[in-house]
Amino acid sequence: MTQEVEIKFRAADLRALARKLRLAGFRVITPRTHEMNTLYDLPGEVLRNRHELLRLRKYGSEWTLTHKSGKKTARHSSREELETRIDDGKKMDLILRALSYTPSFRYEKSRTEWTDGKGQVVVDETPIGDFCEIEGPPRWIDTTAKRLGVTAADYITANYAGLFSDWKVRTNSRAKEMTFKSVKRER
């Protein structure tokens, strides 16, 4: 099991952010790639009530299955994370459904991954706006954020389901999922 430690922040200008990342010594390791995520839960929202997450992700042509648990939130979001690659995501979906897991939330984005060799910065273009995640050791996160002009007041520790829920309240949207099609239809 690995510990995922990260923060998000809103990215107002993606070009300016890319310039800052390059100046800070980052390089792109994965160019802009489409990503579709499906969260699964048992009847009665068992996983959600335990603050756990089970996600099937298609990133480009690759599939992964991820379980996250033990969320701790202070200045950074921290969770235990187990992840494995899946050869056939459609079959994995059928297996999960056969075990009584059902899709509880879908969200998509286009993601670009950057690194400086010490941690990872990802830039996510989502239907509800652009975000950046900084993931790595806590001190490195804070140093990287400062180099990018991001203050602790800008840190977001919510996941995309939480951000979507907040966005729906703010915009009075009836969108059921955070997909480009669903959000566009509601605008």
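Enumerate the calculated ³J(HN,Hα) couplings along the stretch 159-167 in order (Karplus 6.51 cos²θ - 1.76 cosθ + 1.60, θ = phi - 60°), each rounded to whole Hz, writing x wherever the residue is Gly or Pro.
8, 5, 5, x, 4, 5, 4, 4, 4
For the chain, restrict the atom set to alpha-carbon positions and state the Rg and Dmax in Å.
Spelled out, the Cα radius of gyration and Dmax of the chain are 16.6, 49 Å.
What is the extension gain from MET36 to ASN49, computed as 0.36 nm multiplied by their sequence separation minus the C-alpha to C-alpha distance, in nm to one decimal?
2.3 nm
Rounded to a whole number, what % of the accessible area of the stretch 18-120 do carbon and sulfur atoms account for, probe 1.4 Å?
Looking at the stretch 18-120 in its full context, I get 51 percent from C and S.
Under 23 Å between alpha carbons, and skipping anything fewer than 8 positions from LYS176 in its own chain: which lysines qualify?
Straight-line reach from LYS176, under 23 Å: LYS8, LYS58, LYS68, LYS90, LYS109, LYS168, LYS184.
Stretch ASP87-SER110 to full length: gain in nm at 0.36 nm per residue minus the Cα-Cα span?
Gain on stretching ASP87 to SER110: 6.1 nm.
Would you please give the FRET efficiency between THR151 and GLU80, computed as 1/(1 + (r/R0)^6) with r the Cβ-Cβ distance and R0 = 41 Å, to the nearest 0.05?
My answer for the efficiency is 0.90.
Could you state the number of Å between the C-alpha centres of the stretch 1-77 and the stretch 79-101?
Each part reduced to its Cα centre gives a spacing of 17 Å.
Need the list of aspartates and glutamates near LYS146 for cross-linking: C-alpha distance under 16 angstrom, and skip anything on the same chain fewer than eight residues off.
GLU6, ASP116, GLU133, GLU135, ASP154
Say R0 is 45 Å: what FRET efficiency, to the nearest 0.05, do LYS20 and ASP166 get from their beta-carbon distance?
It comes out at approximately 0.95.
Per DSSP H run of at least 4 residues, take -39500 (n - 2.57); add these up for the chain, divide by its residues and hand me the 222 nm value, nearest 500 deg cm²/dmol.
The helix contribution divided over the chain gives -8000 deg cm²/dmol.
Short version: ³J(HN,Hα) in whole Hz for each residue of the stretch 58-72, in order, from phi by Karplus 6.51 cos²θ - 1.76 cosθ + 1.60 (θ = phi - 60°), x for Gly and Pro, what are they?
10, 10, x, 9, 9, 10, 9, 10, 10, 10, 10, 8, x, 5, 10
Given a 1.4 angstrom probe, what's the average accessible area per residue across the chain, in square angstrom?
57 Å²
Sort the stretch 107-187 into rounded, prolate or oblate with this rule: let a ≥ b ≥ c be the square roots of the eigenvalues of the Cα gyration tensor; rounded if a/c is under 1.5, and if a/c is not under 1.5, prolate when a/b is larger than b/c, oblate otherwise.
It is prolate, given that a/c is not under 1.5 and a/b is the larger ratio.
Tell me the label-point distance for the pair VAL28, THR143, using the 7 Å Cα-to-Cβ offset, in nm and rounded to one decimal.
2.6 nm
The values are calculated or read from the model by the stated rules, or taken from the named source; none is laboratory data. Bear in mind that the values here come from a model prediction, so they are computed numbers and not experimental data. For neighbour counting, all protein chains shown are included, and Cβ atoms are generated from backbone atoms with ideal geometry for every residue, glycine included. The area values use the complete protein model at the heavy-atom level, side chains included, leaving out ligands, DNA and RNA. Shrake-Rupley method; radii C 1.70, N 1.55, O 1.52, S 1.80 Å.
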